[in-house]
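The structure appears below as structure tokens.
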Amino acid sequence: MKASDQEPSDGLGRKTAEAERIAEEMLHHHTALPQTRLSKGLDSVLTAIGKAASWLWLVVVAVIIWAVVGRYAFGQGSVTLEEWQWHIAGAAWLLGLSYTLTTDDHVRVDVIHERLSLKAQGRIELLGILLLLLPFLAISLYELAPYAMSSYLQGETSQSPAGLSHRWILKAVVALSFALLILATVSRLLRVTALLFGFPKPIADDTTKGEAS
């Protein structure tokens, strides 16, 4: 291949790589907040729970394959397997919410936020957590805990004759997921206050070194 043919190809490759980098930054914008000892401990626990819950998706796939093969290869549909699918998928999704908040990988659609200084982003995070997120989560957990307990005390089961029993387990997972979200939010709040007010005392973290305020 001639050098003249190679240069346009290299230029196109560089432009493509740059476009991919910009798209990645827009889709996965992270606010580089400092860590504290308590927030780091909470994040470690929540990350471990989120990663463990991610394996449930493999179980969901296995159950779906089992149900499809049973229905179309052997002509045996199963209400039980269908309910297992959405029970496990629901649990995997719910238990992954706190992990997403901990790693700051939830979708952001505010293009203004990412252009602000780090401290300005921190102030927005502080107001959002105190005025919106924490009150919503607290009210939700206050309502969900009795909801799950009532299901347990009643021995609630599926309305389908061949469905699953112990419906309270899924409802308890919903309440648990909101409790984990509260812990993730508290961790996030500690990191924001460490940035803005220096309390709790930030600890050295490679992701925040060199960030301008």
Count - residues of the range 30-77 that are hydroxyl-bearing (Ser, Thr, Tyr), under 18 Å from the mean Cα position of the chain (by Cα), surrounded by 13 or more Cβ atoms within 10 Å (Cβ to Cβ) and under 24 Å from GLY198 (Cβ atoms): 2
Name the pairs: first residue in the range 163-187 and touching a residue at least 24 places away in the same chain (Cβ under 8 Å), second residue outside any helix (DSSP H, G or I) and hydroxyl-bearing (Ser, Thr, Tyr), Cβ to Cβ under 9 Å, at least 6 apart or on different chains? GLY163/THR157; LEU164/THR157; LEU164/SER158; SER187/THR36
Per the filter on the range 111-139, residues surrounded by fewer than 11 Cβ atoms within 10 Å (Cβ to Cβ) and under 19 Å from the mean Cα position of the chain (by Cα) are LEU132
In the list LEU137, LEU97, LEU101, which residue meets the criterion of being at pLDDT 95 or above and of a type outside the set (Ser, Thr, Tyr)? LEU137
Which one is nearest to SER158 (Cα to Cα) among residues in the range 65-117 that are outside any helix (DSSP H, G or I) and small (Gly, Ala, Ser)? SER78
Can you work out which of the residues in the range 118-159 that are of a type in the set (Val, Ile, Thr) and part of a helix (DSSP H, G or I) is farthest from SER98 (Cα to Cα)? ILE124
From the list ILE64, ILE49, which one is at pLDDT 95 or above and β-branched (Val, Ile, Thr)? ILE49
Meets criteria (of a type outside the set (Val, Ile, Thr) and either in contact with a helix residue (DSSP H, G or I) (Cβ under 8 Å, 6 or more places away or on another chain) or surrounded by 13 or more Cβ atoms within 10 Å (Cβ to Cβ) (or both)) for GLU143: no
Odd one out for GLY163 among (1) loosely packed, with under 14 Cβ neighbours inside 10 Å; (2) farther than 29 Å from LYS51 by Cβ; (3) modelled with pLDDT under 95: (1)
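The values are calculated or read from the model by the stated rules, or taken from the named source; none is laboratory data. Treat the numbers as computed from the prediction; the structure is a model and nothing was measured. Here Cβ is always computed from backbone atoms with ideal geometry, including for glycine, and neighbour counts include all displayed protein chains.
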